[in-house]
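Reviewing the structure listed below.
The values are calculated or read from the model by the stated rules, or taken from the named source; none is laboratory data. Please read these numbers as outputs of a predicted model, since none were measured by experiment. When we count neighbours, we look across all protein chains shown, and the Cβ atoms used for this are built from the backbone with ideal geometry, even at glycine.
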Amino acid sequence: MSNFKKIVPFIYPYKKYAFLNIFFNVLYALFSTLSFVALIPMLQVLFEKGKKVTTEPVYTGLFELKKYGENYLAYYITTAQKNHEPGYVLSVMVAIIISIFLLKNLADYLAMFFINFLRNGVLKDMRNALYKKTLELPLAFYSEKRKGDVISRISADVNEVQNSFLAILELIVKEPLTIIFTISAMLIISAKLTLFVFIFIPISGYIISLIGKQLKKQSSKAQQEQGAFLSTIEETIGGLKVVKGYNAENYFNNVFQNSTERFFNLSNSIGNRQNLASPASEFMGITVIAILLWYGGQMVLIDKTLESAAFIAYMGLAYNILTPAKAISKASYGVKRGNAAAERVLEILEQENTIVSKENAIEKSTFDDAISIQHINFKYEEESVLKDFSLNIKKGQTVALVGQSGSGKSTIANLLTRFYDVNDGTISIDGINIKDMNLQSLRSLMGLVTQDSILFNDTIKANISLGKLDATDDEIIEALKIANAYEFVKELPLGIYTNIGDSGNKLSGGQKQRLSIARAVLKNPPIMILDEATSALDTESEKFVQVALENMMQNRTSIVIAHRLSTIQKADIIVVMQKGKIVEQGTHEELIAHNGTYNKLVTMQSFES
């Protein structure tokens, strides 16, 4: 129930539908009971049974309600039989029963009609909240979670919550009320017989509950397994070139099939337990009814304490409990399965986002003086990446960070943009700690071009205008020209309106990178971060991209993280890093003259060339 309470806020916007559902479920339960009670007078007319009452009874109070109802019904039947043909009286009784059944089914339809809006509304809002949360969570979260597992939670688990967990709304209103109204009618007809029934109901309820004990645990395992094989699909499609290039189809096929085999076994176990719920509850119900027939038959035939018409209606009411009892047992298993899905959904929704804007954070739209990195330490989990790192970058400077892989270069870019937060020390822009700045205004000061050209399955215009959503076609074309990309874009069938495919796979590596640069150019930020922007390109593509980068870096403060040293020789300061520390810094000429680590790196690359 604690998980259900946490989902209640998603129900609030649709509470009117919940109230309407409850209202019509109350009517359904009432008419469902009346449909069997109405059989008593019809059977009395049919078999010419029942007492004759010729004077209209007088209502004397609530405690005499049962007696008053029986007498008034007998009076109505006696009067009707006296004034009309027997066929007319029977027709009236049949019409009343049909009307009650019609109202019962109409109430049932309207209850389901309104619950649909609530369930689908909760599904939509929960999915939107999950997607929004996945966008807000820091990158560190996704280094621990598989993307396919997150996708599974947004799609399958949210759907499970809607299908199974929200069944609790029906569980706590419709079916229990039907049982309560039915048992009330049964008590009115024969309290003695009903109390006898209650001896056997707890026994059958306990037996049914044993079936569902392991269901939540197994459901949780099944949902995790679904996340695992969705991750395999996502990773395989994303890395299909590597899979095919290394003839690894069989390996990944086996990984996927092993996962789906585990899911198959878990699903069978869960499904079989659920399927057992309905026949088990029906069998226990029929057992109770068989005992009723034996005990009630004695009351009718031997003790003469119960009328035959009332007993037949009573048996109908007793059978009427079976349907909601089955529904409750089935829904309770659904709730267990939905509870497991809700835990996985809530795990993400309740995940703490450590990288957020402070309350009353400083809004900053300009960069005026310098970026100051002072004595910062940072580690990914237990692995220390930067140790007591300090650096000052003045406005208009181009600062290059070089060093071997794992020296901490890209980490600087991740910390400047607050994709991660420093463990110790401070990073300031114009004297303001970036943790005190509004996160969006901080990132609006920066343009980012990464080694992997991250493009989306959309048009060139849509991809580039992420930097400025209201950009005109002319502004986009101007950005493409600066990025040295317009030459190939104008040759495309639809120009800037050409769809570039999934991850831009219709374009070459150099073309994709130039579009990434155009996106950064259009944003027009005062600070540009280039993280290994040319390392994945061939020599010809690198030349085109290098021209684009030089165009973009004019009159901007640039932080260039470079693997190829040929691209950063014109930098104002070159910072040489090793194991998270600065070992050298200066201009290209100064560092060559120093004949240290930088000179060795240049010599090695020249030799490799």
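State yes or no: is Ser357 of a type outside the set (Asp, Glu) and either surrounded by 15 or more Cβ atoms within 10 Å (Cβ to Cβ) or over 25 Å from Ile568 (Cβ atoms) (or both)? Spell out how you get there, then give the answer.
Values: of a type outside the set (Asp, Glu): yes; either surrounded by 15 or more Cβ atoms within 10 Å (Cβ to Cβ) or over 25 Å from Ile568 (Cβ atoms) (or both): yes.
Considered against the rule, which asks whether it is of a type outside the set (Asp, Glu) and either surrounded by 15 or more Cβ atoms within 10 Å (Cβ to Cβ) or over 25 Å from Ile568 (Cβ atoms) (or both), Ser357 comes out as yes.
Of all residues being in a helix (DSSP H, G or I) and among the polar types (S, T, N, Q) in segment 446-500, which is surrounded by the fewest Cβ atoms within 10 Å (Cβ to Cβ)? Just the residue, please.
Per the stated criteria, the residue is Ser465.
Got a sec? Which helices (runs of 4 or more DSSP H) wholly within segment 14-122 have at least 3 residues that are over 30 Å from Gly338 (Cβ atoms) and at pLDDT below 75? Walk me through it before giving the result.
Details: elements: 15-37, 39-46, 65-83.
Answer list for segment 14-122: 39-46, 65-83.
Residue-by-condition table, conditions (1) in contact with a strand residue (DSSP E or B) (Cβ under 7 Å, 6 or more places away or on another chain); (2) of a type in the set (Lys, Arg); (3) at negative phi:
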{"site": "Asn438", "(1), (2), (3)": "yes, no, yes"}
{"site": "Leu455", "(1), (2), (3)": "no, no, yes"}
{"site": "Asp474", "(1), (2), (3)": "no, no, yes"}
{"site": "Asn484", "(1), (2), (3)": "no, no, no"}
{"site": "Lys506", "(1), (2), (3)": "no, yes, yes"}
{"site": "Gln511", "(1), (2), (3)": "no, no, yes"}
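Does Ile355 count as part of a loop (DSSP other than H, G, I, E, B) and farther than 30 Å from Asn599 by Cβ?
Working: part of a loop (DSSP other than H, G, I, E, B): yes; farther than 30 Å from Asn599 by Cβ: yes.
Here the answer is yes, as Ile355 does meet what is asked.
Can you tell me which residues in segment 526-569 are surrounded by 19 or more Cβ atoms within 10 Å (Cβ to Cβ), outside any helix (DSSP H, G or I), modelled with pLDDT under 80 and of a type in the set (D, E, K, R)?
Passing the criteria: only Glu532.
Residue by residue, here is whether (1) out of contact with any Phe, Trp or Tyr (no Cβ under 6 Å at 6 or more places or on another chain); (2) outside the structural domain of Leu39 (by TED's automatic domain parsing); (3) buried (at least 19 other Cβ atoms within 10 Å of the Cβ) holds:
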residue	(1), (2), (3)
Leu102	yes, no, no
Ile115	yes, no, yes
Met126	no, yes, yes
Val158	yes, no, yes
Thr178	yes, no, yes
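With Met284, Met299 as the choices, which residue is surrounded by 13 or more Cβ atoms within 10 Å (Cβ to Cβ), at pLDDT 75 or above, over 33 Å from the mean Cα position of the chain (by Cα) and in a helix (DSSP H, G or I)?
Values: Met284 fails: at pLDDT 75 or above.
Of the residues listed, the single one that is surrounded by 13 or more Cβ atoms within 10 Å (Cβ to Cβ), at pLDDT 75 or above, over 33 Å from the mean Cα position of the chain (by Cα) and in a helix (DSSP H, G or I) is Met299.
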